[in-house]
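Asks: Here you go, one structure.
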Amino acid sequence: VKSKYERHVRKFIQRLVNVAIKNNYILIVSSGGKDFVNSDISNIHFFRNVPQFEVLSVTDVFITHAGFNSVKESIQAEVPMLVYLAESYGDQKANSARIIFHGIGLQGNIKRDKEPDISDNITELLINPIYRQNIKELKKADRQYTEGNLKKVVSQIKPLS
(Lines give C-alpha, C1' and ligand atoms only; values in the text may rest on other atoms or scores of the structure.)
Protein backbone atom coordinates (compact mmCIF):
# COMPACT_ATOMS: atom_id res chain seq x y z
CA VAL A 1 0.00 0.00 0.00
CA LYS A 2 1.44 3.32 -1.02
CA SER A 3 1.90 5.73 1.85
CA LYS A 4 -0.79 8.09 0.57
CA TYR A 5 -3.38 5.31 1.13
CA GLU A 6 -1.95 3.88 4.33
CA ARG A 7 -4.09 6.07 6.61
CA HIS A 8 -7.29 4.73 5.00
CA VAL A 9 -6.04 1.16 5.27
CA ARG A 10 -5.12 1.55 8.94
CA LYS A 11 -8.54 3.03 9.76
CA PHE A 12 -10.26 0.25 7.82
CA ILE A 13 -8.27 -2.44 9.63
CA GLN A 14 -9.26 -0.94 12.97
CA ARG A 15 -12.93 -1.03 11.95
CA LEU A 16 -12.45 -4.62 10.77
CA VAL A 17 -10.84 -5.58 14.09
CA ASN A 18 -13.82 -4.06 15.92
CA VAL A 19 -16.22 -6.09 13.75
CA ALA A 20 -14.26 -9.27 14.47
CA ILE A 21 -14.30 -8.60 18.20
CA LYS A 22 -18.03 -7.81 18.24
CA ASN A 23 -18.94 -10.92 16.22
CA ASN A 24 -16.29 -13.19 17.74
CA TYR A 25 -14.76 -13.86 14.32
CA ILE A 26 -11.26 -15.19 13.98
CA LEU A 27 -9.39 -12.55 11.99
CA ILE A 28 -6.05 -13.16 10.33
CA VAL A 29 -4.44 -10.09 8.81
CA SER A 30 -1.49 -10.33 6.46
CA SER A 31 0.08 -6.90 6.44
CA GLY A 32 2.32 -7.50 3.44
CA GLY A 33 5.39 -6.71 5.48
CA LYS A 34 4.03 -3.52 7.05
CA ASP A 35 3.73 -3.12 10.77
CA PHE A 36 0.13 -2.58 11.76
CA VAL A 37 -1.58 -2.93 15.08
CA ASN A 38 -0.48 -5.81 17.24
CA SER A 39 -3.32 -7.46 19.05
CA ASP A 40 -3.45 -9.25 22.36
CA ILE A 41 -7.01 -10.37 21.62
CA SER A 42 -7.11 -14.14 21.17
CA ASN A 43 -9.18 -14.15 17.96
CA ILE A 44 -7.24 -11.36 16.17
CA HIS A 45 -3.90 -12.25 14.55
CA PHE A 46 -1.51 -10.00 12.62
CA PHE A 47 1.29 -11.42 10.50
CA ARG A 48 3.73 -9.77 8.15
CA ASN A 49 3.07 -12.59 5.65
CA VAL A 50 0.98 -15.77 5.58
CA PRO A 51 0.84 -18.85 3.35
CA GLN A 52 -2.32 -17.55 1.71
CA PHE A 53 -3.67 -20.72 0.09
CA GLU A 54 -3.25 -22.70 3.30
CA VAL A 55 -5.10 -20.00 5.24
CA LEU A 56 -7.83 -19.86 2.59
CA SER A 57 -8.35 -23.61 2.93
CA VAL A 58 -9.83 -22.97 6.41
CA THR A 59 -11.42 -19.58 5.71
CA ASP A 60 -15.10 -18.66 5.41
CA VAL A 61 -14.69 -15.16 3.90
CA PHE A 62 -11.65 -13.59 2.26
CA ILE A 63 -11.28 -9.83 2.58
CA THR A 64 -9.00 -8.87 -0.27
CA HIS A 65 -7.63 -6.08 -2.45
CA ALA A 66 -8.53 -8.23 -5.51
CA GLY A 67 -5.05 -8.92 -6.82
CA PHE A 68 -5.21 -11.57 -9.55
CA ASN A 69 -3.34 -14.29 -7.63
CA SER A 70 -5.51 -13.72 -4.57
CA VAL A 71 -8.68 -14.01 -6.64
CA LYS A 72 -7.44 -17.22 -8.29
CA GLU A 73 -6.54 -18.76 -4.95
CA SER A 74 -9.86 -17.76 -3.44
CA ILE A 75 -11.72 -19.44 -6.30
CA GLN A 76 -9.60 -22.58 -5.96
CA ALA A 77 -10.33 -22.67 -2.21
CA GLU A 78 -14.02 -21.85 -2.88
CA VAL A 79 -14.04 -18.87 -0.52
CA PRO A 80 -16.31 -15.87 -1.20
CA MET A 81 -14.52 -12.53 -1.39
CA LEU A 82 -15.17 -9.15 0.13
CA VAL A 83 -13.19 -6.59 -1.84
CA TYR A 84 -11.85 -3.37 -0.39
CA LEU A 85 -9.71 -1.40 -2.81
CA ALA A 86 -7.20 1.00 -1.30
CA GLU A 87 -5.81 1.86 -4.70
CA SER A 88 -7.31 1.28 -8.12
CA TYR A 89 -4.27 0.59 -10.22
CA GLY A 90 -3.37 -2.46 -12.23
CA ASP A 91 -5.87 -5.27 -12.40
CA GLN A 92 -7.55 -4.82 -9.02
CA LYS A 93 -10.46 -2.64 -10.13
CA ALA A 94 -11.22 -4.92 -13.09
CA ASN A 95 -10.89 -8.03 -10.93
CA SER A 96 -13.31 -6.55 -8.43
CA ALA A 97 -15.83 -5.89 -11.20
CA ARG A 98 -15.51 -9.53 -12.30
CA ILE A 99 -16.01 -10.75 -8.74
CA ILE A 100 -19.28 -8.82 -8.59
CA PHE A 101 -20.31 -9.84 -12.13
CA HIS A 102 -19.81 -13.55 -11.40
CA GLY A 103 -21.53 -13.29 -8.01
CA ILE A 104 -18.58 -14.68 -6.07
CA GLY A 105 -18.26 -11.77 -3.67
CA LEU A 106 -19.09 -8.21 -2.73
CA GLN A 107 -17.27 -4.90 -2.77
CA GLY A 108 -17.18 -2.38 0.02
CA ASN A 109 -15.76 1.12 0.21
CA ILE A 110 -12.58 1.29 2.27
CA LYS A 111 -13.05 4.98 3.08
CA ARG A 112 -16.80 5.14 3.70
CA ASP A 113 -17.89 1.76 5.06
CA LYS A 114 -18.58 1.86 8.77
CA GLU A 115 -18.48 -1.15 11.07
CA PRO A 116 -22.16 -2.08 10.43
CA ASP A 117 -21.51 -2.01 6.65
CA ILE A 118 -18.50 -4.29 6.99
CA SER A 119 -20.39 -6.60 9.32
CA ASP A 120 -23.41 -6.75 6.98
CA ASN A 121 -21.20 -7.61 4.01
CA ILE A 122 -19.46 -10.39 5.93
CA THR A 123 -22.78 -11.75 7.18
CA GLU A 124 -24.21 -11.77 3.65
CA LEU A 125 -21.23 -13.79 2.40
CA LEU A 126 -21.47 -16.20 5.33
CA ILE A 127 -25.19 -16.95 5.18
CA ASN A 128 -26.14 -16.64 1.50
CA PRO A 129 -25.15 -19.88 -0.25
CA ILE A 130 -25.28 -18.33 -3.74
CA TYR A 131 -21.72 -17.00 -3.48
CA ARG A 132 -20.22 -20.43 -2.77
CA GLN A 133 -22.42 -22.02 -5.43
CA ASN A 134 -21.22 -19.48 -7.98
CA ILE A 135 -17.60 -20.08 -7.00
CA LYS A 136 -18.05 -23.85 -7.37
CA GLU A 137 -19.52 -23.34 -10.86
CA LEU A 138 -16.70 -21.01 -11.87
CA LYS A 139 -14.10 -23.45 -10.54
CA LYS A 140 -15.81 -26.28 -12.44
CA ALA A 141 -15.78 -24.25 -15.68
CA ASP A 142 -12.10 -23.46 -15.15
CA ARG A 143 -11.25 -27.18 -15.06
CA GLN A 144 -12.13 -27.55 -18.75
CA TYR A 145 -9.28 -25.22 -19.71
CA THR A 146 -6.56 -27.83 -19.47
CA GLU A 147 -3.32 -28.04 -21.42
CA GLY A 148 -4.70 -31.07 -23.26
CA ASN A 149 -7.83 -29.21 -24.35
CA LEU A 150 -5.73 -26.26 -25.50
CA LYS A 151 -3.50 -28.53 -27.60
CA LYS A 152 -6.61 -30.10 -29.16
CA VAL A 153 -8.05 -26.70 -30.10
CA VAL A 154 -4.74 -25.42 -31.46
CA SER A 155 -4.20 -28.58 -33.52
CA GLN A 156 -7.54 -27.99 -35.27
CA ILE A 157 -6.64 -24.46 -36.36
CA LYS A 158 -5.84 -24.24 -40.07
CA PRO A 159 -3.09 -21.76 -40.98
CA LEU A 160 -4.02 -18.84 -43.22
CA SER A 161 -2.71 -19.29 -46.72
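The values are calculated or read from the model by the stated rules, or taken from the named source; none is laboratory data. Predicted model only: the values in this text are computed from it and were never measured. Note that we place each Cβ from the backbone using ideal geometry, even for glycine, and neighbour counts take in every protein chain shown. These area figures cover heavy atoms from the full protein model, side chains too; ligands, DNA and RNA do not enter into them. Shrake-Rupley method; radii C 1.70, N 1.55, O 1.52, S 1.80 Å.
Asks: If I ask for residues that are over 19 Å from Tyr5 (Cα atoms) and surrounded by fewer than 14 Cβ atoms within 10 Å (Cβ to Cβ), which ones from segment 101-119 would you list?
Replies: Matches in segment 101-119: Phe101, Pro116.
Asks: Taking Leu150 as meeting all but one of (1) of a type in the set (A, V, I, L, M); (2) open to solvent by less than 60 Å² (accessible area, probe 1.4 Å); (3) over 27 Å from Asp60 (Cα atoms), write down the number of the exception.
Replies: (2)
Asks: Which helices (runs of 4 or more DSSP H) sit wholly inside segment 16-115 and have at least 1 residues that are of a type in the set (Gly, Ala, Ser)? Break it down stepwise before answering.
Replies: Details: elements: 52-56, 68-77, 92-101.
Hits in segment 16-115: 68-77, 92-101.
Asks: So, in segment 138-161, exactly how many residues are touching a residue at least 12 places away in the same chain (Cβ under 8 Å) and either of a type in the set (D, E, K, R) or outside any helix (DSSP H, G or I) (or both)? Reasoning before the result, please.
Replies: Here is the first cut: in segment 138-161, the ones touching a residue at least 12 places away in the same chain (Cβ under 8 Å) are 138-139, 142.
Add one more test, that the residue is either of a type in the set (D, E, K, R) or outside any helix (DSSP H, G or I) (or both), and what stays is 139, 142.
Selection size over segment 138-161: 2.
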